[in-house]
Amino acid sequence: MMRLASVALVLGAWEWAGRKPVSPAFPAFSETMAAAWAMLLDGSLPAAVGITLAPLVLGIAISALLGIAAGVAMGLSSKAEWLGVPVFIVLQAAPLAALIPLLVLAYGVGLTSKVMTVCIMAVPVIVLNSFKAIRHTPVSMVEMGRAFLGSRRQLIAKIILPAASPIIFAGLRLGLAAGFIGAVLAELLISPTGIGDLITYNQSIADYPKMFAAIATVILLSVLFIGALDRVEATLFRPEKRGTR
Amino acid sequence: MTAAILPLAPAPAPEPMVSVRGITKTYPGGVEALSGIDLDFPRGELTALLGPSGCGKTTLLKIIAGLLPATKGEVLVDGRKVSGPGPERAFVFQDFALLPWATVLRNVAFGLELRGVARSEREAIAERHVAEVGLKGFEKRYPHELSGGMRQRVGLARALAVNAEVLLMDEPFSAVDEQTRRKFQEDLLSLVANQRKTFLFVTHSIEEAVYVASRVVLLSRRPSRVSQVIAPDIARDMAPDRIRRHPAYLDAVESIWQGLKQYVD
Ligand SMILES: Nc1ncnc2c1ncn2[C@@H]1O[C@H](COP(=O)(O)OP(=O)(O)O)[C@@H](O)[C@H]1O
Ligand SMILES: [Mg+2]
C-alpha cells in the first residue's frame, strides 16, 4: 500500500514537472507512456530489450557464479582472503567504466566486450558482499553445529550458507543494478545497439518522449529482475521470510 | 529409628560421569580464565556451576563440550578422555542458537539430521521431544514467531532429541523473563528426576543454583578456581513452593552468598 502510494507520488510529480515544463527536453509521464506504447506496437522496443538483455543476462549469470564462488572461498579460507580481498577492494573503488576502451581494444565491439563490461561492473560488489556474509555467520550457530557433530561440509551447507544468504543476495541485487548500468554503458560507449541505441538515436533526433520511454524501460526491467531475485532467495534459502514481506 | 552405623570404609563411589582434571585455560592475548580446575560430576545428578560474571563458567563448559581446547589438563567423560564434541554430550546455548530459517521441528531434529538419521525417523523423534517440552502445535512455526522462553524450549528439545547422557547447559534461562524462568526451573527438576541424565548447569543466580542442583560448585573470580562445593540437603520431591521456603534451601542460599560476597566489589 505504502509502496503504491510512493510510486503514485513520484509519477504524479513527473507528470506535473513535464507539463510545467521544467525543460523542453523533459516529457510528461503521459507523453512518455504514449511513446512507449507506440514503440511497443511497432516492435522497436521489444526488439531493443531483447538485444540489451543478451549481454546483461549472460554477464549477470557469470558474475553471480564467479562472484559468489570467489567471495565464499575468501570467507571460508584465510589464504583465499589474503589473495583476493585487496584485489576486489581496489576494483570496487576504481572507475571501471574507464576500462571499456581497453576491452574494445582487446575484444572488439561484439558481445564479448559487452558481457565483460557487465561483469566488471557487477563482480566486485557481489564478491565483497559474499565475503562479508560468510564472515558474519553468528559464532554460536557454528558452535552449535560443531557441538551436534556436524562435519565441515555440513556446517557450510546447512548453517554458514543459509545464514549468509541475505547478505549474499543483497550483493546480488547491487550487482544486478551495477550490471544494468554496465549493459547500457556498453551500448552507449561500445556500439549502439538495443536500448542504448534507442536512447542515443532518439536523443539525436530530439524525440524526448521516446528517449525517456527507453530509459524508463531499463528502470522497469531492473525492478522486475530484483523482484525475481527476492523470490528466488525466499524459496531457496529463507522460507521464514515468505509471506512476511 | 537409631542412627545408621557408618561403615568404616565407605563403598567406593561410583565413577563420575564427567571429570575435569587440572584444567587451565589462557586465551590467546593472555587472559587467564581458568587456573587448575579439578571437579567430578556424579552420574544422574544436576551440578550447578556458579560464579561471578566473567569468571570462566562458559569457558569451562565449552572445554567440557569439546568446543574449546584447554591450555592444560584433561576432561574425562565416562572414563574416556575427550578431544572434541561427542555423541554422549549435548549443549544448550545461552542465546538458544536456533536456525532462524528452520521450523521448530527441523531445529529440534537438527542434531539427528547432522548425524544422518533418515528424515521420517528423526522427525518422529523430534515430535516426541517437542511435545515433551510443551510445544505441541508449534512444530511448523519459525523461531521468530516464538517467545524467548519457547525458543529455549526448542533448544532444550534439540539437546534431548540426540539422547546424550550429559547435558551441558550454559545459563539456559538467563534470557527469559522471571515467570517463565521459574516454570523452567520446576520443569527442569522433573526432567532430572525422570531422565537419568547428568546435567552440568551454569548459572549466575544463587537461588536458581540451589533450587535446581543437588551440588553447587562455586568458582572464584578470574583466574578461576573451585572455591567451594556445597550439597544442599533438600528433598527434591517436595512441592516447588515448599522447597523455596525450606530452611535447608534458605541456609544454602545464605551460605553460598557468604562464600561469594568476597568476590563482589
Ligand atoms: N575468545 C576469547 N578471547 C579472549 N578472552 C575471552 C574469550 N572468551 C572469553 N574470554 C574472557 O575469559 C573470561 C571468562 O569468560 P566466560 O567463560 O565467558 O565467563 P562467564 O561465562 O563466567 O561469564 C572473561 O574475562 C572473558 O572476557
Ligand atoms: Mg557465560
Farthest toward the dipole's positive end in chain B, which of B:Phe93, B:Met150, B:Ala124, given Cβ charges of +1 (Lys, Arg) and -1 (Asp, Glu) about the Cα centre? B:Ala124
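Averaged across B:102-114, how many Cβ atoms of other chains sit within 10 Å of each residue's Cβ atom?
Values: counts 4, 2, 0, 0, 1, 1, 0, 0, 6, 6, 1, 4, 12.
Mean shielding by partner chains, rounded to a whole number: 3.
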Work from the charge dipole of chain B (Cβ charges, +1 for Lys and Arg, -1 for Asp and Glu, about the Cα centre) and give the residue of B:Val20, B:Val104, B:Ser214 farthest towards its positive end. B:Val104
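Taking the radius of gyration and the Kirkwood hydrodynamic radius from Cα positions alone, what is the Rg/Rh ratio for the stretch A:30-241, to two decimal places?
Ratio of gyration radius to Kirkwood radius for the stretch A:30-241: 1.07.
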Around A:Glu31 (Cβ within 15 Å, Cβ-to-Cβ, excluding A:Glu31; K/R +1, D/E -1) the net charge comes to +1
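So what's the back-of-envelope 222 nm ellipticity for chain B, counting only DSSP H runs of four-plus at -39500 (n - 2.57) apiece and dividing by all residues, rounded to 500? Walk me through the intermediate numbers first.
Working: 8 runs with 94 residues, N = 265.
Mean residue ellipticity at 222 nm (helix-derived): -11000 deg cm²/dmol.
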From the backbone phi of the stretch A:152-163, what are the Karplus-calculated ³J(HN,Hα) couplings (6.51 cos²θ - 1.76 cosθ + 1.60, θ = phi - 60°) in whole Hz, Gly and Pro given as x? 3, 4, 5, 4, 5, 6, 9, 10, 5, 5, x, 5
Work through the residues other than A:Phe169 whose Cβ is under 10 Å from its Cβ and net out their charges, Lys, Arg +1 and Asp, Glu -1. 0
B:Lys140 accessible area, nearest 10 Å², 1.4 Å probe? 150
A 20 angstrom limit on the alpha carbon distance is what I want to check against. Which of A:Lys114/A:Lys210; B:Lys25/B:Lys57; B:Lys62/B:Lys197 exceed it? A:Lys114/A:Lys210
Show the residues, 5+ positions off or on another chain, whose built amide H is closer than 5 Å to the amide H of B:Met17. B:Phe41, B:Arg43
Which residue fluctuates most in the GNM of chain A (Cα springs below 10 Å): A:Ala186, A:Ala70, A:Ala17? A:Ala17
Classify the stretch B:86-229: rounded, prolate or oblate, from the alpha-carbon gyration tensor (a ≥ b ≥ c, eigenvalue square roots; a/c under 1.5 rounded; otherwise prolate if a/b is larger than b/c)? prolate
The ³J(HN,Hα) series, computed from each phi in the stretch B:215-227 with the Karplus coefficients 6.51, -1.76 and 1.60 at θ = phi - 60°, rounded to the nearest Hz and given as x for glycine or proline, is 9, 10, 9, 9, 9, 7, 5, 4, x, 6, 10, 7, 9
Build a GNM of chain A with springs between Cα atoms under 10 Å: which of A:Ser130, A:Ser204, A:Ser113 gets the top mean-square fluctuation? A:Ser204
Looking at the square roots a ≥ b ≥ c of the eigenvalues of the Cα gyration tensor of the protein assembly as shown, which shape do they give, rounded for a/c under 1.5, prolate if a/b is larger than b/c, or oblate? prolate
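Could you work out the mean count of beta carbons from other protein chains within 10 Å of each residue's beta carbon in B:139-149?
Numbers: counts 0, 0, 1, 5, 1, 3, 2, 0, 0, 0, 0.
Partner Cβ neighbours, averaged per residue: 1.
Return one whole number: the accessible area per residue of the stretch B:152-196 in Å², for a 1.4 Å probe.
Working: 1730 Å² over 45 residues.
Per-residue value: 39 Å².
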Convex hull of Cα atoms in the stretch B:99-163, direction-averaged projection (nm²): 3.7
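The values are calculated or read from the model by the stated rules, or taken from the named source; none is laboratory data. It should be emphasised that the depicted structure is a prediction, and the values quoted were computed from it without experimental measurement. Note that each Cβ is placed from the backbone with ideal geometry, even for glycine, and that neighbours are counted across all protein chains shown. Heads up: the accessible areas ignore ligands, DNA and RNA and are worked out on the full protein's heavy atoms, side chains in. Shrake-Rupley method; radii C 1.70, N 1.55, O 1.52, S 1.80 Å.
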